[in-house]
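Reading through the structure tokens given below for one structure.
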Amino acid sequence: MDKGSFGRKDRLLKEERHDTYQPREKLPEPSRCDSCGALFVNGRWTWNDPPEHARSVTCSACRRMADHYPAGTIELLGTFLIDHHDEIRNLILNTEKQEKQERPMERIMNIVEEQGQTVVTTTGVHLARRIGDALARSYQGDLSVHYGEAEKSVRVRWQRQ
């Protein structure tokens, strides 16, 4: 009897997960986001000027922002944050500006500052990670990064006393 011909019937099947903010089918090209003006062409989002015949859609970043459902959360803590508030805020905004040029779906959703803590939410995991890396590279401190299931979300924590 060939052992290879009989498979176990009691194995667990892994449920397929997907990002609800990513379209299941490829968008028609060219497509233009009604909210932000980003253009989907050649399989990626850009900030190029759209042609007149571009189809109107809402991009995943604008949908996340409308739903208040971030993919990335960055928590900043410590007295260093309070003492260097303006520098750190500028670093965060400049990092977003650079990332958004290359990846239009990576944006800051919100920055909330209260009680010596700042929480930044982003539409994508790349920007959150890049902000955390920039903070650690520029100001040292303790950085921790935790990805959610299938790396569709990330929680970054940076702290320096």
ask   = What is the list of residues in the range 51-93 whose amide nitrogen lies under 15 Å from a point 7 angstrom out from the Cα of residue 140, following Cα to Cβ?
value = 79-81
task = Give the residue from 66, 80, 104 lying farthest towards the positive end of the charge dipole for the range 45-109; charges sit on Cβ (+1 for Lys and Arg, -1 for Asp and Glu) and the dipole is referred to the Cα centre.
result = 66
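Just how large is the dipole of the chain about the Cα centre, in debye to the nearest 20, putting +1 at every Lys and Arg Cβ and -1 at every Asp and Glu Cβ? Don't skip to the answer; put the middle values down first.
Numbers: 25 positive and 25 negative charges, 134 e Å.
That gives a dipole near 640 debye.
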Mean projected area (nm²) of the alpha-carbon convex hull when the range 49-92 is viewed from all directions = 5.2 nm²
ask   = Of 113, 106, 96, how do they rank once you tally other Cβ atoms within 10 Å and put the fewest first?
value = 113, 96, 106
In order through the range 69-81: 3J(HN,Hα) via Karplus (6.51 cos²θ - 1.76 cosθ + 1.60), integer Hz, x for Gly, Pro = 10, x, 8, x, 10, 10, 9, 10, 9, x, 5, 4, 4
message = I'd like the distance between the alpha-carbon centres of the range 89-129 and the range 29-60, rounded to an integer number of Å.
response = 22 Å
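Please pull out the direction-averaged projected area of the chain, using the convex hull of its alpha-carbon atoms, in nm² to one decimal place. Mind showing how you got there, number by number?
Details: hull surface 58.2 nm².
Its Cα hull, projected and averaged over all orientations, spans 14.5 nm².
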ask   = Between residue 29 and residue 113, what is the spin-label point distance in nm, taking each point 7 Å from the Cα along the Cα→C-beta axis?
value = 4.2 nm
inquiry  = Give me the base-10 log of I(q)/I(0) for the range 68-159 at each q in 0.15, 0.19 Å⁻¹, Debye formula, one uniform scatterer per Cα, rounded to two decimals.
reply    = -0.49, -0.80
inquiry  = Per-residue counts of other Cβ atoms within 10 Å, averaged by peptide: what ranking do you get for 119-131, 137-149, highest first?
reply    = 119-131, 137-149
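Here, each number is a calculation from the coordinates, and none is a lab measurement. This structure is a prediction, so every number in the text was calculated from the model and none was measured. Cβ sites come from the backbone with ideal geometry, for glycine too, and all protein chains shown count toward neighbours.
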